[in-house]
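In what follows, a structure is listed as structure tokens, so that the remarks can point back to it.
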């Protein structure tokens, strides 16, 4: 039976299309023993979380235990929000977060996507968590990874020299970490 991977896209106009290259890279690197589910997230501008949290929960619910969760950018921050604020219905083998923004501020739009102060205490305890961030990320400042390192020191952090926000559309490092679980 193939291992299941759920990939949550990044946000913005064209986010789904842009991340298809990440999904293709990951699938190629993982090989035929892994099956990637890549649902298109529907954005509801009126919802405080853009309507993504409910969709993420629904997608996780469709999978078997020992699921592998991978997400990029806005999707990574919302996946982390979901798993820290909801009881996850499946056993999660690993969580792989790419170019993850650490939202903060008083703006109204941030309030629905910001993590709770104690989020680290609520993430699944038996799941390995990995963060990947390129120093030359042009969209999410590299120092956001430091906020996660401070809040979630048990996670593994991969600081990558170059590749920008999309990691050069090369997820070989992520695939290696998935295979090493």
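FYI, it's all coordinate maths here, none of it is from the lab. It should be emphasised that the depicted structure is a prediction, and the values quoted were computed from it without experimental measurement. A quick note on method: Cβ atoms are made from the backbone with ideal geometry, for glycine too, and the neighbour counts reach across all protein chains shown.
Of all the criteria given as (1) out of contact with any strand residue (DSSP E or B) (no Cβ under 7 Å at 6 or more places or on another chain); (2) at positive phi; (3) surrounded by 12 or more Cβ atoms within 10 Å (Cβ to Cβ), the one not satisfied by residue 66 is (1). Of everything in region 2-23 that is surrounded by fewer than 17 Cβ atoms within 10 Å (Cβ to Cβ) and either in contact (Cβ under 8 Å) with a residue 12 or more places away in the chain or touching a strand residue (DSSP E or B) at 6+ places or on another chain (Cβ under 7 Å) (or both), the residue that is farthest from residue 96 (Cα to Cα) is 12. Report, by residue number, each residue of region 142-181 that is out of contact with any strand residue (DSSP E or B) (no Cβ under 9 Å at 6 or more places or on another chain) and either part of a loop (DSSP other than H, G, I, E, B) or on the phi > 0 side of the Ramachandran plot (or both). Scanning region 142-181 gives 143, 153, 169, 170, 180. Checking 24, 46 one by one, the residue that is more than 22 Å from residue 66 (Cβ to Cβ), more than 14 Å from the chain's Cα centre (by Cα) and assigned to a loop (DSSP other than H, G, I, E, B) is 46 and no other.
Among the residues of region 83-106, just one is in contact with a strand residue (DSSP E or B) (Cβ under 7 Å, 6 or more places away or on another chain), part of a loop (DSSP other than H, G, I, E, B) and over 27 Å from residue 14 (Cα atoms), namely 90. Screening 157, 131, 119, 96 for residues that are surrounded by 15 or more Cβ atoms within 10 Å (Cβ to Cβ) and in contact (Cβ under 8 Å) with a residue 40 or more places away in the chain leaves exactly one candidate, 96. On the basis of being in a helix (DSSP H, G or I), surrounded by 18 or more Cβ atoms within 10 Å (Cβ to Cβ) and under 15 Å from the mean Cα position of the chain (by Cα), does residue 80 make the cut? Yes: the conditions hold for residue 80.
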